[in-house]
Amino acid sequence: MSGRKRVGVLISGRGSNLQALIDAAREPDYPAEIALVISNVPGVEGLARAEAADIPTRVVNHKDFASRPDFETALEAALHEAGVELLCNAGFMRLLTEGFVTRWLNRHLNIHPSLLPAFKGLHTHVRVLESGAKISGCTVHFVRAAMDDGPIVAQAAVPVEPGDTEETLAARVLAAEHRLYPHALRLVASGAVRVDGEHVVGMSQQNGKTALFSPPLPGTF
Ligand code: GRF
């Protein structure tokens, strides 16, 4: 497929969501290709996954920089060199400055393992279990300066089962993440959705009009 969006993926670890994006981008009709994977942590499994798929990788270790802006300058140099048009955080464990977020506004996605705006931040699954919630899930959203904040592209829900532990709930949510992220990136990369007033809305050119629709969600129940 020609005209595929060049995507950069930021990781810090295991890279199973990266793997889901790599696998999706192998489909001939997928509207995005993974042009570069950057990890801020050396030696992580996600880098090996990218290398196995012949995708260029870079390590930009935040510990090598005196300040967050210096770290981000190095990140952006690598992204621009690779011609990256869209950015996906996939288990990327660094907060980014407002300057960086503004420069990538509405071209930058994150995945979080809860149904946002509930349960932002770390240790999500433990807090879901402590809350007694009966449904959890995952969210892909455009990145804003506040953590786990920004216009929601797509969500998938999973049940919280009696007897769940952090591990069993995390595994159920992760399986949903692996379906959701490729779906959400497809919507964004193909231009099927846009941000309108901090909400994500659908675009359709039927009858010369722009129609709004709710993006179909990959169900997991
Ligand atoms: C995922 O649960 C993601 O939602 C969260 O961190 C985890 C990363 O897992 N932000 P992986 O590195 O993609 O396997």
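Summary of computed values
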read-out: Conditions (1) open to solvent by 50 Å² or more (accessible area, probe 1.4 Å); (2) closer than 17 Å to GLY8 by Cβ; number of the one not met by SER131; value: (2)
read-out: Qualifying position, being in contact (Cβ under 8 Å) with a residue 12 or more places away in the chain, open to solvent by less than 70 Å² (accessible area, probe 1.4 Å) and in contact with a strand residue (DSSP E or B) (Cβ under 6 Å, 6 or more places away or on another chain), among VAL37, VAL41; value: VAL37
read-out: Selection count where residues are open to solvent by 10 Å² or more (accessible area, probe 1.4 Å) and either within 13 Å of the ligand (Cβ to nearest atom) or touching a strand residue (DSSP E or B) at 6+ places or on another chain (Cβ under 6 Å) (or both), scope the stretch 16-30; value: 6
read-out: Criterion: aliphatic (A, V, I, L, M), within 16 Å of the ligand (Cβ to nearest atom) and open to solvent by 40 Å² or more (accessible area, probe 1.4 Å) - qualifying residue of LEU96, LEU115; value: LEU115
read-out: Hits in the stretch 54-77 (condition: under 19 Å from the mean Cα position of the chain (by Cα) and open to solvent by less than 50 Å² (accessible area, probe 1.4 Å)); value: ILE55, THR57, VAL60, GLU72, LEU75, GLU76
read-out: In the stretch 184-199, residue nearest to the ligand (Cβ to nearest atom) [restricted to those that are under 22 Å from LEU10 (Cβ atoms) and surrounded by fewer than 19 Cβ atoms within 10 Å (Cβ to Cβ)]; value: VAL195
read-out: Failed criterion for LEU36 (all others in (1) assigned to a strand (DSSP E or B); (2) within 16 Å of the ligand (Cβ to nearest atom) hold); value: (2)
read-out: Residue pairs meeting the criteria (Cβ under 6 Å; at least 6 apart or on separate chains; first assigned to a loop (DSSP other than H, G, I, E, B), in the stretch 179-196; second buried (at least 16 other Cβ atoms within 10 Å of the Cβ) and not hydrophobic (A, V, I, L, M, F, W, C)); value: SER190/PRO31
read-out: Residues located in the stretch 78-93, provided they are within 26 Å of ARG179 (Cβ to Cβ) and either crowded, with 16+ Cβ neighbours inside 10 Å or touching a strand residue (DSSP E or B) at 6+ places or on another chain (Cβ under 8 Å) (or both); value: VAL84, GLU85, LEU86, LEU87, CYS88, ASN89, ALA90, GLY91, PHE92
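The values are calculated or read from the model by the stated rules, or taken from the named source; none is laboratory data. Treat the numbers as computed from the prediction; the structure is a model and nothing was measured. Cβ atoms come from the backbone with ideal geometry, glycine included; neighbour counts cover every protein chain shown. To get the accessible areas, we keep the full protein, side chains included, count just its heavy atoms, and leave off ligands, DNA and RNA. Shrake-Rupley method; radii C 1.70, N 1.55, O 1.52, S 1.80 Å.
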